[in-house]
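K.L.:
Structure below; questions to follow.
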Amino acid sequence: MWLVMSFPVLDIRIVMSGGTANPGRGPGPGKHGLLLIFLLLIELTKISHSSSEIHTVNMPIPDYSLQFTSDAYNTSIQENSVGKVFIVPEVKMGIYNDDPGVAIRYKIISGDNENFFKAQAEKVGNFVFLMIRTRTSNINVLNRERAESYQLNIRATFRDSDHHRLNDIKATTIVNVEVLDSNDLDPFFNPSTYTTTVPEDTQLHTSVAQVKAEDADK
């Protein structure tokens, strides 16, 4: 008798011989043969069930979301920074990308009316870092007395290996940039000229006038 049993992970064919013959059908398995088949079925069921569980648990779940790791990031930069100085983020900024066929680029779409900043992408492993730096073509410099902070709106664009833009994938985030103060301004007196009268018999260490100075650094 031919007996075929199929399982998710195994295909087994068992040939049994012996026992009482059935006319026209070949030899039967007998009682011992039936018991052996029953025990084998139990063991194979255990193996199949165990293998399926291990396969399911160990399967990695890829992340194809292609979104920024945060809706907003906080960063800082020193005022009077020259061109090509990178802002300092509190945490890493960017997008995880496990697909080698997708390229990511970043662009500042608003929040930088004076064009102080430039966004660029730098991929390390499976992470595409969002890097923001001052432009080298800046005529003006960052001045905390003029603007204490900037809120940059960043958009990520995606292209396939043929450089075609993937318009169905969208990702945006906000980068808050705090301009750190530098002690770059000298104090000044207001008013710049004082006039007072001192009697000739005034004692030493007597206060004869009070002046006021201001510092534009905040």
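The values are calculated or read from the model by the stated rules, or taken from the named source; none is laboratory data. Computed from a predicted model, the values in this text were never measured in an experiment. Note that we place each Cβ from the backbone using ideal geometry, even for glycine, and neighbour counts take in every protein chain shown. Areas reflect the complete protein model, heavy atoms only, side chains present, ligands, DNA and RNA absent. Shrake-Rupley method; radii C 1.70, N 1.55, O 1.52, S 1.80 Å.
K.L.:
Given the condition in a strand (DSSP E or B), surrounded by fewer than 16 Cβ atoms within 10 Å (Cβ to Cβ), out of contact with any helix residue (DSSP H, G or I) (no Cβ under 8 Å at 6 or more places or on another chain) and among the basic types (K, R), answer yes or no: does some residue in the range 106-117 qualify?
P.N.:
yes
K.L.:
Additional query: I'd like the full set of residues that are open to solvent by 100 Å² or more (accessible area, probe 1.4 Å), modelled with pLDDT under 80 and hydroxyl-bearing (S, T, Y), limited to the range 165-203.
P.N.:
Matches in the range 165-203: S192 only.
K.L.:
When the range 48-78 is examined, which residues are found to be at pLDDT below 90 and charged (D, E, K, R)?
P.N.:
Of everything in the range 48-78, those that are at pLDDT below 90 and charged (D, E, K, R) turn out to be E53, D63.
K.L.:
Taking the stated definitions as given, is D162 exposed (fewer than 12 other Cβ atoms within 10 Å of the Cβ) and charged (D, E, K, R)?
P.N.:
yes
K.L.:
If the Cβ limit is 6 Å and pairs must be 6+ apart or interchain, which residue in the range 125-154 that is touching a residue at least 24 places away in the same chain (Cβ under 8 Å) pairs with which residue that is part of a loop (DSSP other than H, G, I, E, B) and among the basic types (K, R)?
P.N.:
Listed by first residue and then by second, the contacts come to R133/K84; T136/K84.
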